[in-house]
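The values are calculated or read from the model by the stated rules, or taken from the named source; none is laboratory data. Bear in mind the structure is a predicted one, so any value in this text is a computation, not a measurement. For neighbour counting, all protein chains shown are included, and Cβ atoms are generated from backbone atoms with ideal geometry for every residue, glycine included.
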């Protein structure tokens, strides 16, 4: 079984890209399963069910979605093995720009859209900088010059990643993406012992434990202050 991790900011088009890529895999006779992570709510699992794709979803609630992912990815892989899929896709929640939901030996794909702003690639941390493939969506809405400049900004932030455009509506580029994320020699039965590519955002403070009051006297643990001098 192959395993691929998709991540990206909210509403960047992750689900649309995955669905179009699954269509390409089906034409090759491969079975694909998806596990969708989110924070408070998602109905993306219904889209996968409608497309006939085996799917499970997990909501992190008040927990950091990255930590929720790391705590559950082993169960995700076990589910994929039981389903007998050729490719298992883990789709992250729409993550903040500091998140890092990739494993060292697993293909990581970051989905980002052309409408997010020309300087957005510089604002995104490990989620973009440590990805193997960066998929840029919504290129049909902007000009060719804007597409090229945005792609150049992405490459400047992550020069080792393969940068490509995929249209989540028409599916243009989805077949090419399918050829890049599937490895015939890969057979993942467990991710136990694998390492994250980058440490996750860390905080263990009074607010993590449910504190709601503002003020230094209520702030305990790991906190960070701005320099006002």
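Data table
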{"quantity": "Breaking point among (1) within 30 Å of residue 21 (Cβ to Cβ); (2) assigned to a loop (DSSP other than H, G, I, E, B); (3) free of Cβ contacts under 8 Å to residues at least 40 places away in the same chain, for residue 183", "calculated": "(3)"}
{"quantity": "Residues located in the stretch 78-93, provided they are surrounded by fewer than 19 Cβ atoms within 10 Å (Cβ to Cβ) and either in contact with a helix residue (DSSP H, G or I) (Cβ under 6 Å, 6 or more places away or on another chain) or touching a residue at least 12 places away in the same chain (Cβ under 8 Å) (or both)", "calculated": "78, 79, 81, 83, 84, 86"}
{"quantity": "Matching residues in the stretch 186-195 - criterion: being modelled with pLDDT of 85 or more and out of contact with any helix residue (DSSP H, G or I) (no Cβ under 8 Å at 6 or more places or on another chain)", "calculated": "187, 193, 194, 195"}
{"quantity": "Residue match in the stretch 152-163 (condition: touching a strand residue (DSSP E or B) at 6+ places or on another chain (Cβ under 7 Å) and either more than 30 Å from residue 115 (Cβ to Cβ) or in a loop (DSSP other than H, G, I, E, B) (or both))", "calculated": "yes"}
{"quantity": "Among the candidates 166, 157, residue that is without any contact (Cβ under 8 Å) to a residue 40 or more places away in the chain and in contact with a helix residue (DSSP H, G or I) (Cβ under 6 Å, 6 or more places away or on another chain)", "calculated": "157"}
{"quantity": "Selection within the stretch 97-131 - free of Cβ contacts under 8 Å to residues at least 40 places away in the same chain and either closer than 19 Å to residue 178 by Cα or buried (at least 22 other Cβ atoms within 10 Å of the Cβ) (or both)", "calculated": "114, 121, 128"}
{"quantity": "Evaluation of residue 217 against (1) touching a strand residue (DSSP E or B) at 6+ places or on another chain (Cβ under 9 Å); (2) without any contact (Cβ under 8 Å) to a residue 24 or more places away in the chain; (3) more than 30 Å from residue 30 (Cα to Cα); (4) not in a loop (DSSP other than H, G, I, E, B) (one fails), failing number", "calculated": "(1)"}
{"quantity": "Hey, residue 75 without any contact (Cβ under 8 Å) to a residue 12 or more places away in the chain and either more than 18 Å from residue 167 (Cα to Cα) or over 13 Å from the mean Cα position of the chain (by Cα) (or both) or not", "calculated": "yes"}
{"quantity": "Extreme residue, farthest from the chain's Cα centre (by Cα), among residues of the stretch 31-66 that are outside any loop (DSSP other than H, G, I, E, B) and exposed (fewer than 15 other Cβ atoms within 10 Å of the Cβ)", "calculated": "50"}
{"quantity": "Tally of residues being crowded, with 17+ Cβ neighbours inside 10 Å and either free of Cβ contacts under 8 Å to residues at least 40 places away in the same chain or out of contact with any helix residue (DSSP H, G or I) (no Cβ under 9 Å at 6 or more places or on another chain) (or both) across the stretch 1-15", "calculated": "1"}
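For (1) farther than 20 Å from residue 27 by Cβ; (2) at pLDDT 90 or above, each residue gets a yes or a no:
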site	(1), (2)
167	no, yes
171	no, yes
175	no, yes
184	no, no
197	yes, yes
202	yes, no
206	yes, no
213	yes, yes
227	yes, no
